[in-house]
Amino acid sequence: MKSRFIRFSCMVVAFIIIISGTAVGIENRIISDVVGIFRKINVASNEEVRGSAVAIFGDVNVRGKVDGDAVAIFGNVSIDGVVTGNAVSLFGGISLTNKGKIVGDAVQILGDGISEEVGSSIGGARLSIGSLNRLGLPGFSALFLLIFIYTIIKLIIGYILSVIALLIFPQRFHNMADSVFVEVGRKFLIGIMIVIGFYVLVTMLVMVVLGIPFVLLLTPLMMVLGFTGNTAVRLAIGNKIGLKFGKNWSQLTALTIGTLAYGIIDLTIIGKSFIFLAKAIGIGAVIDSKAGEIITLPKMGFVPVNRNEDENHMDLKKKE
């Protein structure tokens with residue numbers, strides 16, 4: 001009888017210990033760093049993150065405690081608990097309930113701003129850069145708006161510079177534009193080899209202290225080469241569109257039409273791949289035509305430009 005009582009007592013004590021341990025585990029669930037991609041991170045009221053909670057393309061909801069930073073990229077940070085570090089939201093917003101507490105800083109960049117209920121607290125600084133809360137735009141919309149604005153500004157500046165370059169070197173750009181759609185594959189290979197070679201060379205030069213001045217020299221040269229190639233491609237596109245409609249546009253009109261078409265393509269995500277290819281072809285056309293010194297004729301190879309011979313030929317025609 002005693003043995004049965006002892007066994008029963010031991011079973012009851014063991015059961016109580018197991019239940020107590022489970023309850024303690026539920027009340028104080030401790031986890032390490034949490035990283036989520038394309039998903040939300042929820043820190044429950046009975047959870048403590050010993051580290052940082054980071055969400056990429058997702059939200060971070062803190063009802064318990066984060067013993068580190070709470071970071072959301074393309075998402076929001078909602079705090080109904082405690083964050084002992086900083087709360088950061090890129091292309092999103094930060095919101096605190098009356099129980100929310102941030103020991104460190106609250107940093108919000110390009111999104112919904114920082115909202116606080118009465119009773120919440122932020123121990124550090126409040127920094128909100130480019131808040132689009134007034135426009136009511138979520139993070140993704142804010143990003144696309146910025147890309148759109150950047151593309152438009154880049155397009156306008158590029159067009160103005162292209163007009164100036166076209167006025168200074170009309171014949172050269174005419175020759176380069178004529179060569180863009182001749183042997184496209186060859187020009188693409190030339191352009192892509194130059195682009196890849198540039199980045200490889202710059203990477204090698206940066207590793208050496210003496211190579212930095214060469215990097216400072218090569219970078220603007222590559223920018224000028226890319227700009228020239230883009231201008232030639234835009235002019236060539238404008239000429240192509242004009243031919244399809246049976247129009248013989250001037251260079252300025254062709255450049256304007258080509259720039260508009262170029263810009264519409266550049267505004268789409270898929271179109272940016274086309275723009276990269278077009279830029280490589282344009283760079284290849286610049287190099288292949290020796291910056292417009294050579295006229296490219298379809299199926300006839302390359303014919304050097306000699307303005308004196310052209311003028312003499314015109315004079316002979318007039319005399320005849």
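Taking the stated definitions as given, is PHE148 surrounded by fewer than 12 Cβ atoms within 10 Å (Cβ to Cβ) and in contact with a Leu (Cβ under 8 Å, 6 or more places away or on another chain)? Give the derivation first.
On the way: surrounded by fewer than 12 Cβ atoms within 10 Å (Cβ to Cβ): yes; in contact with a Leu (Cβ under 8 Å, 6 or more places away or on another chain): yes.
Answer is yes for this residue.
Which of the strands (runs of 3 or more DSSP E) found entirely inside region 74-122 contain at least 2 residues meeting this: in the same structural domain as ASP59 (by TED's automatic domain parsing) and of a type in the set (A, V, I, L, M)? Spell out how you get there, then give the answer.
Numbers: elements: 77-79, 87-90, 93-96, 106-109, 113-116.
Fully inside region 74-122 and qualifying: 77-79, 87-90, 93-96, 106-109.
The values are calculated or read from the model by the stated rules, or taken from the named source; none is laboratory data. Remember, it's a predicted structure, so these values are computed and weren't measured experimentally. No Cβ is skipped: glycine too gets one built from the backbone with ideal geometry, and neighbour counts run over all protein chains shown.
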